[in-house]
Amino acid sequence: MGLEHVGPGSAKALITFSPAGTSRLLIGFVAGPSGVWVLAVSVTERGYIGGVGMSEKFTGRCECGAVTYEFSKAPDFVANCYCKDCQRSSGAVMGTYFSVAADDFKLLSGNPRSYPYIAASGNTLERNFCPDCGARVFTDKLSGFPGQVFVMLGSLDNPEAVKPPIMEIFTKFRISWTKALDVPQYPGRPDGKELSPAEREKVGAGEGCG
Ligand SMILES: [Zn+2]
Ligand SMILES: [Zn+2]
């Protein structure tokens, strides 16, 4: 659910059905003749998750819908990452993710399969995938970012609800035809922490972020 800004006098209602059968009803109301805030109410098969006066919830899911999650606080950190792990695990040119406090991130359904990974920095973490559809949904147990979960932006039901990336990292792996955003660019981690190739081999670290 969420608050949506629309023009005076306008209103809209939207009903969507996901392939996995999760239904969602969004109903908008105009607050008054000059009021422009519309309050949306969201109902899913998991039950009522929001309504008048309640705080906004962000929700998301894997491709097949088995894994679903929610959190409350709007993310501050959003990044595009071009590391080899983000490329390989997503099959795309980069991964876009944001951080959420671990105690705010709630898994609503599904049993994600975790894949322990050692980042190029030597930090440890676990990538979490849906065991049914294989979608990478979130990363947790990050030794470098305790108490944080990094969630893939594309898994959000409404990616537009989260602000754009504030930086691009591991740009040394950027594919030449991808265009840089007008935000700070870092060849690796912003702090430059990275093991040497020999050290990486010794501990079994990859070429990924974290
Ligand atoms: Zn899935
Ligand atoms: Zn990455």
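No lab work stands behind these numbers, since they all come straight from the coordinates. Not measured: the values here are computed from a predicted model. No Cβ is skipped: glycine too gets one built from the backbone with ideal geometry, and neighbour counts run over all protein chains shown.
Inspect the stretch 160-167 for any residue being among the small types (Gly, Ala, Ser) and crowded, with 20+ Cβ neighbours inside 10 Å and give the result as yes or no.
Scanning the stretch 160-167 turns up no residue that is among the small types (Gly, Ala, Ser) and crowded, with 20+ Cβ neighbours inside 10 Å.
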Going residue by residue through the stretch 78-85, is there one that turns out to be within 16 Å of ligand 1 (Cβ to nearest atom) and not charged (D, E, K, R)? no
Counting only residues that are crowded, with 19+ Cβ neighbours inside 10 Å and either within 16 Å of ligand 1 (Cβ to nearest atom) or under 16 Å from Glu63 (Cβ atoms) (or both), the stretch 98-117 contains a total of 2
Anything in the stretch 152-209 that is within 16 Å of ligand 1 (Cβ to nearest atom) and either closer than 21 Å to Leu125 by Cα or among the β-branched types (Val, Ile, Thr) (or both)? List them, or say none. Met152, Gly154, Ser155
In the stretch 57-109, which residues are among the β-branched types (Val, Ile, Thr), touching a helix residue (DSSP H, G or I) at 6+ places or on another chain (Cβ under 7 Å) and not in a strand (DSSP E or B)? Val93
Check off (1) at positive phi; (2) surrounded by fewer than 15 Cβ atoms within 10 Å (Cβ to Cβ) for Phe170 and give me the number that stays unchecked. (2)
Spot the failing condition for Ser121; the list is (1) surrounded by fewer than 17 Cβ atoms within 10 Å (Cβ to Cβ); (2) hydroxyl-bearing (Ser, Thr, Tyr); (3) assigned to a loop (DSSP other than H, G, I, E, B), and only one is missed. (1)
